[in-house]
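Below is one structure, written out as structure tokens; the observations come after it.
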Amino acid sequence: MIPRIIREKGKKMIGLSLCTSVVDNQTGQLWGSFMPRINEIVNRVGNDFFSLQVYPPEYHINFNPSLEFTKWALVEVSDFTHIPKGMKAFILQAGDYAVFDHKGSSGDPSIYQYIYGEWIPKSEYVLDDRPHFEVLGTNYKNNDPDSEEEIWIPIKK
């Protein structure tokens, strides 16, 4: 699997976040609280959803499944003039990403084992200390083997 290398220009986003870990995965609760409120976001751009992770420095070097990180459920917006109560603004900074098109269950870790264990070590890139995210478009179906999503990994040479 060869990724596309894309220069992301940056995005304005609105959503909800929480602190979680691989061991104490609260992604379902996060999306369960975000999706019923999606219509409160009036300045949305497009129909995609973004599942975004902000990891502490060196998270992937010293990986520990109990180590906490910030998980976001987001949508892109045109501006921050209206942020629904309890939601937060997030600015995704510009930068280079390796984008992997993934078809299969989001619960299958093999794609991430390939990215971090094979592709990155053999590539001319290293991980950059910026958010990692998945774009959940119209073909995304949670934990379905026919689901499709894009996995965006921050990289630098």
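The values are calculated or read from the model by the stated rules, or taken from the named source; none is laboratory data. Being a predicted model, the structure only gives us computed values, none of them experimental. Backbone-built Cβ (ideal geometry, glycine too); neighbour counts: all protein chains shown. Areas reflect the complete protein model, heavy atoms only, side chains present, ligands, DNA and RNA absent. Shrake-Rupley method; radii C 1.70, N 1.55, O 1.52, S 1.80 Å.
Taking amide H atoms as placed 1.01 Å from N in the peptide plane, the amide H of Ile155 lies under 5 Å from those of Asp96, Tyr97, Ala98, Asp128, each 5 or more residues away in sequence or on another chain. Neighbours of Leu67, meaning other residues whose beta-carbon lies under 14 angstrom from its beta-carbon, give a summed charge of -2 when Lys and Arg score +1 and Asp and Glu score -1.
Can you give the calculated 222 nm mean residue ellipticity of the chain, where each DSSP H run of n ≥ 4 adds -39,500 (n - 2.57) and the sum is split over every residue, rounded to the nearest 500 deg cm²/dmol?
Values: 2 runs with 13 residues, N = 157.
The helix contribution divided over the chain gives -2000 deg cm²/dmol.
Each residue of region 101-107 was assigned a 3J(HN,Hα) from its phi angle through the Karplus expression (A = 6.51, B = -1.76, C = 1.60, θ = phi - 60°), giving 7, 10, 10, x, 5, 5, x Hz with x at Gly and Pro. Using heavy atoms of the protein chains and a probe of 1.4 Å, the accessible area assigned to Trp72 is about 20 Å². Approximating the spin labels as points 7 Å out from Cα along Cα→Cβ, the Val99-to-Leu18 distance works out to 3.0 nm.
Over all pairs of different C-alpha atoms in region 1-57, the reciprocal of the mean inverse distance, the Kirkwood hydrodynamic radius, equals 14.1 Å. Sequence-ordered 3J(HN,Hα) estimates for region 55-70 from the Karplus curve with 6.51, -1.76 and 1.60 and θ = phi - 60° stand at 9, x, x, 6, 3, 7, 6, 10, 4, 9, x, 8, 5, 7, 9, 9 Hz, glycine and proline given as x.
Computed from label points 7 Å out along Cα-Cβ, the spacing between Asn43 and Thr138 is 2.6 nm. Each residue, Val126 and Thr70, gets one label point 7 Å from its Cα in the Cβ direction; the gap between the two is 2.4 nm.
Length available on full extension from Glu58 to Ile6: 0.36 nm per residue minus the Cα-Cα distance, which gives 16.4 nm. Phe49 sits with roughly 40 Å² accessible to a 1.4 Å probe, with DNA, RNA and ligands left out of the calculation.
Distances between placed amide hydrogens fall under 5 Å for His132 paired with Gln53, Tyr55, all partners being 5 or more residues away or on another chain. Of the residues Phe80, Phe90, Phe34, Phe63, the one with the largest accessible area comes first in the ranking Phe63, Phe80, Phe90, Phe34, computed with a 1.4 Å probe on protein heavy atoms. Between region 24-43 and region 86-133, the alpha-carbon centres lie 21 Å apart. Computed on the chain, with alpha-carbon pairs under 8 angstrom and 6+ residues apart, the relative contact order is 32 percent.
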